[in-house]
Amino acid sequence: MKLPIALIVLTHDEELNLPNCLENVAPWVQEIFVVDSYSTDGTAEIAKRYNAKFIEHPFKNQAEQFNWALLTLEIKSDWILRLDADERLTPELWQEIAEELTTSDVVNDGTNGFYMKRRVYFMGRWIRHGGYYPIWILRLFRRGKGMSEDREMDEHIILLEGKAESLENDFIDDNKKNLEFWINKHNSFSSREVSEAIKLGQAEGAGEKGLGFEVLKRRSAKRKYYN
């Protein structure tokens, strides 16, 4: 069952994770766009295997790359799904989305986006505690009604208008890369987090219009930590 959804995935050297992601979404979406920052592995070949449109573009940060994709790609579908290469949706979530987009009244009730719960796996184990579950993230939104915040780190999609509903079922984050990659990634994350905090001057609520309660709560806790 093809839904009126275009998937956008940002990649760089994701041959280990990308097949699981595309295998999961291919039966459900009308379009797949892989926006790549010049991978040197088999990412391009994997994307083409799933009939994805493969586009290369220089990478600065996630927010800028995703917004570039929204403004540049010739997307025909009514809805856009944003996933990382190491993410996939549970069968229950796909069924829920199908019901929402085909049988409910989302066309006329002002709903332009959907929050989904992220279930994170680390080294094969579901991280249920420590604030890691549930994490609500807006990942599905109507074309032209959403974009990413302009942040170096911890960027979220925000709606430009309308309202967002919450879906009951989970999507899964399960990176298959090794522990060395994970440590290097989080070292990079911490540096970008500091840069973002300095740029915003730790201002209360700076640039946070349109974000969900859970995101705002986490950022409030981070500001206390910075102080």
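What about Ala197, is it open to solvent by less than 50 Å² (accessible area, probe 1.4 Å), modelled with pLDDT of 80 or more and not in a loop (DSSP other than H, G, I, E, B)? Answer is no for this residue. Taking helices (runs of 4 or more DSSP H) as the structural unit, those lying wholly within segment 2-119 and holding at least 1 residues that are open to solvent by 10 Å² or more (accessible area, probe 1.4 Å) and hydroxyl-bearing (Ser, Thr, Tyr) correspond to 62-72, 91-102.
Criterion first (open to solvent by 70 Å² or more (accessible area, probe 1.4 Å) and under 17 Å from Arg82 (Cβ atoms)) does Arg151 satisfy it? When the stated conditions are applied, Arg151 does not pass them.
Only one of the listed residues (Ile135, Ile172, Ile158) is open to solvent by less than 50 Å² (accessible area, probe 1.4 Å), within 18 Å of the chain's Cα centre (by Cα), modelled with pLDDT under 95 and at negative phi. That residue is Ile135. Taken as a whole, the structure places Glu96 among residues that are at pLDDT 95 or above and closer than 20 Å to Leu138 by Cα.
Let's see how each residue does on (1) farther than 27 Å from Arg218 by Cβ; (2) of a type in the set (D, E, K, R); (3) touching a residue at least 12 places away in the same chain (Cβ under 8 Å):
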position	(1), (2), (3)
Asp36	yes, yes, yes
Phe54	yes, no, yes
Phe66	no, no, yes
Leu71	yes, no, no
Glu74	yes, yes, no
Trp79	no, no, yes
Leu83	no, no, yes
Leu93	no, no, yes
Ile135	no, no, yes
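Exactly one residue out of Ile97, Ile135, Ile158 is aliphatic (A, V, I, L, M) and touching a Phe, Trp or Tyr at 6+ places or on another chain (Cβ under 8 Å): that is Ile97. Return a yes/no flag: does segment 104-111 have any residue that is touching a strand residue (DSSP E or B) at 6+ places or on another chain (Cβ under 7 Å) and of a type outside the set (Ser, Thr, Tyr). Checked segment 104-111: at least one residue is touching a strand residue (DSSP E or B) at 6+ places or on another chain (Cβ under 7 Å) and of a type outside the set (Ser, Thr, Tyr). The residues of segment 175-194 that are part of a loop (DSSP other than H, G, I, E, B), closer than 23 Å to Leu89 by Cβ and open to solvent by 60 Å² or more (accessible area, probe 1.4 Å) amount to a single one, Lys176.
The values are calculated or read from the model by the stated rules, or taken from the named source; none is laboratory data. Given the structure is predicted, the values throughout are model-derived calculations rather than measurements. Quick reminder, even Gly has a Cβ in these numbers, built from the backbone with ideal geometry, and neighbours come from all protein chains shown. Remember, those area values only see protein heavy atoms, side chains included, never the ligands or the DNA or RNA. Shrake-Rupley method; radii C 1.70, N 1.55, O 1.52, S 1.80 Å.
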